[in-house]
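The numbers here are math on the coordinates, done by the rules we state, and not lab data. From a predicted model like this one, the values you see are computed outputs, not experimental measurements. Here the Cβ positions follow ideal geometry from the backbone for every residue, glycine too, while neighbour counts run over all protein chains shown.
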Amino acid sequence: MKKKFCYRCMKEYEAVTSVCSNCGYDNNSPYDKMYLAPGTVLHNRYIVGVLLSFNGEGATYIAYDKSVDCKVLLREYMPLNLCSRMENSSVVSVNYNYLAKYKSFMAEFSDLNKSLAKLRNNASINQILDMFSENNTVYIISEYIEGCKLIDYLKDNAGELSWEQVAKLFPPLFTTIGIIHNEGIIHRAISPDTVYVTSKGEVKLSGFCISSVRTIGGGLEPELFKGYAAPEQYSSNTSSRQGTWTDVYGISALLYRMITGCMPAESVERLEIDNLCEPCILNPKIPKHVSRAIMDGLNVCSSNRIQTVTELVTRLFKPADDEVKTYTRFQNVNNNINNSYDSTRTFTNEIPPKTYQQTDFYSNQRNYDDGNQDIEDNNQGEEYEYEKVSTIDRIKIPLIIGILLFAILMILGITLMNVLSPRSEDDERSSSSYASMSDNIIEATIENSEETEPATEEKLDAVVPDLINKFYELTASKYEGFITLEPEYEYNNDYDEGQIFWQEFESGSLFHKGGTMKVKVSLGTSYATIPDYSSCTVSEYETLLQNAKIQNYQFVEEDSYGYASPDTVIRLEINGNTVYSGDKVDNLKSEKLIVYYQPSVVTVAPEVTTAPETSATEYVTEPVTEPVPEEPATTETVPEETQPEEPVPEETNPTEESSDTEGSEIVE
């Protein structure tokens, strides 16, 4: 029996129905047209499965490698704010205005993965297996990780791990991060969502992206992990330098989450009010030197933060020398106090070192050294004397309870009286007058109140997200079912095309889940660049104008008298002034770009004649649609066709330079 391939689990099953017998996925399920269709074959080798995740850099799919018969991960470079997918095709179409930015980011994407491919022998990162170009973009093939995300692993372990478990599981990962730092790679997204725990109990790091995705204002849709992103990632200013200390913040935040069970507060919030508790306060079992190292790694000031992973690991696994103190412990043997110390041990605390002398210790104490007198004998000679309790203290608590009960009974009694007692005449008059006043309300007001009633009944059960600086297409897909966005498109020179720069409701306020919110989406800068028209036909140049986002233009015929090919653009004008390719057009102003082109039907200029107006008109009418003649016009026999019976010599003279002999030949 013929078998099919499931696009989710990438296993074969009997081709009886479209539903996979292994995982229950239906291969006929709808998919997002902006991404690759399941079943697409790339590089004649990889079968594309379902979409797993996407961000501002691209999309990740599950795939199947036909050459080695195994599942792999396929990463496609596709920043949606710079390009789109051609309809019913796998080819990526790049926005003309962002072509340079698209190529620049694609080069950075390729260089990053080439550097990671050199580290394929490292078991703690997601290994790069293949890399190729197709469909006007770049694809990366990496190993498929059999395991789960760290966030799910923590859920299966009561939400947290002990420091002993972390110290056993994570050192290989710390070493790997130090290695990639030596290669000049900064991860910028170390979090429970990018760290995997395999079925073998190994830890792997994934989620490598170019820096523009991990920084707000970098030119692409940012993807930052709240609580794990460093403060410098929230700004693209040159003053917010990023480096190895950026990953130190992420590692420290990850450790904080694992050993305390609590996610640290967002770094930008801590810039205003930093009330983050030390891990040892939340979990006393955490060693103090570990707690201090994590807090130093979470310092919101990058210059005061631990700078390298090596320094962080040293602080975590080796306590500082000034933290090791000595103290003396008294030991009571057979309930007798001896005058010598029994033992000395070392421990870690915050008390400064101090050496206790026996004479100093007993100088201000009672003299217990009384021969063979011990504590037991001393206790037998004394009786415990109980503290006397006054009468007020004895009745204080019962009195308070009685007062509270009386107050509760009074409230209940007043409530019952108001409910059961009949209404007085004054109350009835006031209610009737109020009713008469309410009858005089205008109907329009009643209608408005009826319209607003359903809105008041809606439950405010969700918080409005902050959508400013987000790209509309990705955001609408991300919050589908949670909130419906109604876009209004406007030009905005401060935001890239597709970015949201205004939202109807303030972020953090409450709204009805599934409701609608208006947003304003940027069309990009209002200034568009005039594309080059060299050797372009009219239809080709119109396509270039549309890709360049030039809206106000007009095509006008102009005869170049043989200097240009038919149906090609000759020159450009705006408001009567000649413009050239590379100049700017402001779409917000009423500037119309006039495009002059050579018509497909060429008009030939007639030769100069001295004939009267009537005969000249007859002469010009015929050669209008003819191409430019190579021979002189004197060879034509026009006079014979137009005036066969009238003499010609006096009426027509095709050229001023024609001789009398030539004129006589025309007459004949």
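In which sequence would Leu116, Leu409, Leu220, Leu282 go, from the one with the fewest C-beta neighbours within 10 Å to the one with the most?
Leu409, Leu282, Leu116, Leu220
Taking 30 Å as R0, compute the FRET efficiency from the Cβ-Cβ separation of Glu134 and Glu540 and round it to 0.05.
So the FRET efficiency works out to roughly 0.75.
Residue separation times 0.36 nm, minus the C-alpha to C-alpha distance between Glu202 and Ser89: what's the value?
Residue separation times 0.36 nm, minus the Cα-Cα distance, leaves 36.7 nm.
Apply the Karplus curve 6.51 cos²θ - 1.76 cosθ + 1.60, θ = phi - 60°, to the phi angles in region 219-231 and return the couplings in whole Hz, x for Gly and Pro.
With coefficients 6.51, -1.76 and 1.60, one gets x, 10, 4, x, 10, 10, 9, 4, x, 10, 7, 6, x Hz.
Between the alpha-carbon centers of region 206-244 and region 30-72, tell me the distance in whole angstrom.
Using only Cα atoms to place each centre, the spacing works out to 27 Å.
Contour minus end-to-end for Glu558 and Asn275, with contour as 0.36 nm per residue of separation and end-to-end as the Cα-Cα distance?
Length gained, Glu558 through Asn275: 94.5 nm.
Counting Lys and Arg as +1 and Asp and Glu as -1, each charge on the Cβ, what is the dipole of region 155-321 about the Cα centre in debye, to the nearest 20?
340
Among the listed pairs Lys33/Lys226; Lys11/Lys155; Lys71/Lys149; Lys520/Lys592; Lys520/Lys549; Lys118/Lys478, which have their C-alpha atoms separated by more than 24 angstrom in this model?
Violating the 24 Å Cα-Cα cut-off are Lys33/Lys226; Lys11/Lys155; Lys520/Lys592; Lys118/Lys478.
Give, as a single signed number, the net charge of other residues whose beta carbon lies under 15 Å from the beta carbon of Asp583, with Lys and Arg counted +1 and Asp and Glu -1.
+1
In terms of the ratio Rg/(2.2 N^0.38 Å) built on C-alpha atoms, what value belongs to region 462-522?
Taking N as the residue count of region 462-522, the ratio is 1.04.
Based on the Cβ-Cβ distance of Glu504 and Leu399, what FRET efficiency does E = 1/(1 + (r/R0)^6) give at R0 = 45 Å, to the nearest 0.05?
After rounding to 0.05, the efficiency reads 0.20.
Pulled fully out, how much extra length does the chain show between Glu573 and Val419, if you take 0.36 nm times their separation in residues and subtract their Cα-Cα distance?
Contour length minus Cα-Cα distance gives 47.0 nm.
In whole angstrom, note down how far apart the Cα centers of region 75-126 and region 460-520 are.
Rounded to whole Å, the Cα centres lie 26 Å apart.
When N is the residue count of region 457-568, what does its C-alpha Rg come to as a fraction of 2.2 N^0.38 Å?
It is 1.63.
Quote the FRET efficiency, to the nearest 0.05, computed for Ser29 versus Met410 with a Förster distance R0 of 60 Å and r equal to the Cβ-Cβ distance.
Efficiency for this residue pair is about 0.35.
Counting other C-beta atoms within 10 Å, which of Met417, Met34 has the fewest, and how do the rest follow?
Ordered from fewest to most neighbouring Cβ atoms within 10 Å, Met417, Met34 come out as Met417, Met34.
In whole Å and largest first, what semi-axes does the C-alpha gyration tensor of region 527-597 yield when each eigenvalue is scaled by 5 and square-rooted?
Its equivalent ellipsoid spans semi-axes of 20, 13, 10 Å.
Ratio of Rg to Rh for region 155-321, alpha carbon only, Kirkwood?
Rg divided by Rh gives 0.94.
For region 179-222, state which trypsin sites (Lys or Arg not before Pro) are in a DSSP loop and have at most 10 other beta carbons lying within 10 Å of their beta carbon.
Hits after loop and neighbour filter: Lys200.
Once the Cα atoms of region 73-128 are picked out, what are the Rg and Dmax in Å?
14.2, 42
How would you classify region 31-143 from its alpha-carbon gyration tensor, with a ≥ b ≥ c the square roots of the eigenvalues: rounded for a/c under 1.5, else prolate if a/b is greater than b/c, otherwise oblate?
oblate
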